[in-house]
Amino acid sequence: MAQVAVLGGGGTGCYIAAELKLRGYSVNLYEEAAYWHENIDGIQKRGGVELTGNGLNGFAVLDKITDNLAEALDGVELVIVSMVAWRHETLAKALKPLVTDDTVIVLSAGNFGSIRFKRIFGPDCGTVVGETLGNMFSCRMLGDGVGIAAGVYKAKPVAAFPAKDTPKLMERFSKFYDCTPAKNVFETALNAPNVVIHLAGALLNTCGVERNPEFAMYRDGLSRGVINCQKAAEADKRPVMEAMGYQMVIHTDHMEHLVQYDKFPELDCFRDLAGPSSMKHRYVVEDATVGDSILMHLADRLGLKTPTIHALVQLAGAVNQEDYFEKGLTLEDLGITGRTPEEINTYLFNGA
């Protein structure tokens, strides 16, 4: 039986682990003990994960739940990482002595994490590391071991860092999930819906988020003005993607569908996905400091402007009394010194 380690006990990690188990794979779920109160305690109390919603339904008893990384990785064919971006560096350092040249790691969502992992692992490490475009599932844990997804898995673009390893990544990942090759991890990370959807949706609903702990952005927070702002953010991104030679995925069409309740009733499950629960939620902090930060820095290096994205990051910092321009991920943090699309894409392909 093929064995997978899922690292991360958040909503996506728990859902992926259970979904894989229901499809017949052996699954180890890892999470630091400090986070077990969020979902793991409820799973152990229930004895497994109950999946509901528009995806695969059923009760999954995982093979192993552990806070020991070495135990989680023992004998697995694939490692899936599903953690917020600010945990990537710490996890990569913990994984470094455990991975081998046969290890394949996929991050979902990626958030450029594959570059950070490989830089920490070092040039002599043959571990293949890549990422998917966005999260593998639109899902949440509802508490007490119950998970819900808004839909089934659909084939995802994936890329490795360096991109010359993408065929190796796909060979292993495709045993478990359908996937297609992307140009590189910038194409996947910058095409994540988070980059253009989350900040505008959260910031223009700050009052609703702060007053309502049950706030659901796709149900309670979308309007013509909010979608217009999301479209402006998407318009900022387009010339950057064109300059880099990347395919661009449009996400605001989905927002338009979400506000047409009568025409798209099948999207109710997606509309009800909870969050953000506060303005310190990943919808704000992660996107301001990772996806949107890299988009701004990349645009600046190419001589392009991103006025809406810049304004959203500025407002996110004002709301949270933080300097997200100072704290945000930069191209230098990823080892990227190239000034032209060709130089940057060459680095992303070769890793040097």
Please give the helices (runs of 4 or more DSSP H) falling wholly within the stretch 261-352 in which 2 or more residues are farther than 30 Å from TYR153 by Cα.
292-301, 307-320, 324-327, 341-350
Might you check whether a residue that is surrounded by 23 or more Cβ atoms within 10 Å (Cβ to Cβ), β-branched (Val, Ile, Thr) and closer than 16 Å to GLY145 by Cα occurs anywhere in the stretch 81-88?
no
How many residues are part of a strand (DSSP E or B) and in contact with a Phe, Trp or Tyr (Cβ under 6 Å, 6 or more places away or on another chain) if we restrict to the stretch 48-65?
1
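For the condition exposed (fewer than 15 other Cβ atoms within 10 Å of the Cβ) and closer than 30 Å to GLN3 by Cβ, what is the one hit in ASP178, ASP165?
Matching residue, one of ASP178, ASP165: ASP178.
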Which number in (1) surrounded by fewer than 19 Cβ atoms within 10 Å (Cβ to Cβ); (2) hydrophobic (A, V, I, L, M, F, W, C); (3) within 23 Å of ASN111 (Cβ to Cβ) marks the one condition that ALA149 misses?
(1)
Go through the residues of the stretch 20-32 one by one and say whether even a single one is within 18 Å of ASN135 (Cα to Cα) and part of a helix (DSSP H, G or I).
yes
Within the stretch 181-198, can one find any residue that is within 22 Å of the chain's Cα centre (by Cα), farther than 30 Å from ARG301 by Cα and basic (Lys, Arg)?
no
Could you tell me whether ALA109 is under 20 Å from VAL195 (Cα atoms) and at pLDDT below 95?
yes
Hey, among GLY291, GLY275, which residue is under 17 Å from the mean Cα position of the chain (by Cα), closer than 26 Å to GLU342 by Cβ, touching a residue at least 60 places away in the same chain (Cβ under 8 Å) and in the same structural domain as TYR218 (by TED's automatic domain parsing)?
GLY291
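Which residue, of GLY122, GLY110, is within 21 Å of the chain's Cα centre (by Cα) and either hydroxyl-bearing (Ser, Thr, Tyr) or assigned by TED's automatic domain parsing to the domain that holds ILE43 (or both)?
Every option except GLY110 fails the conditions.
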Answer yes if at least one residue in the stretch 134-149 is under 22 Å from TYR35 (Cα atoms), assigned to a helix (DSSP H, G or I), in contact with a strand residue (DSSP E or B) (Cβ under 6 Å, 6 or more places away or on another chain) and outside the structural domain of THR330 (by TED's automatic domain parsing), and no otherwise.
no
Since GLU131 meets every condition but one in (1) of a type in the set (D, E, K, R); (2) surrounded by fewer than 24 Cβ atoms within 10 Å (Cβ to Cβ); (3) free of Cβ contacts under 8 Å to residues at least 60 places away in the same chain, which condition does it not meet?
(2)
Out of the residues in the stretch 70-110 that are touching a Gly at 6+ places or on another chain (Cβ under 7 Å) and in a loop (DSSP other than H, G, I, E, B), state the one that is nearest to SER26 (Cα to Cα).
SER82
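Restricting attention to the stretch 134-150, which residues are over 21 Å from LYS21 (Cα atoms) and in contact with a Gly (Cβ under 8 Å, 6 or more places away or on another chain)?
none
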Pick from the stretch 241-298 the residues that are more than 17 Å from VAL226 (Cα to Cα) and among the polar types (S, T, N, Q): which of them is surrounded by the fewest Cβ atoms within 10 Å (Cβ to Cβ)?
GLN247
Within the stretch 208-224, the count of residues that are within 14 Å of TYR261 (Cβ to Cβ) and of a type in the set (Lys, Arg) comes to 1
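The values are calculated or read from the model by the stated rules, or taken from the named source; none is laboratory data. Just so it is clear, the model here is predicted, and its values are computed rather than measured. Here Cβ is always computed from backbone atoms with ideal geometry, including for glycine, and neighbour counts include all displayed protein chains.
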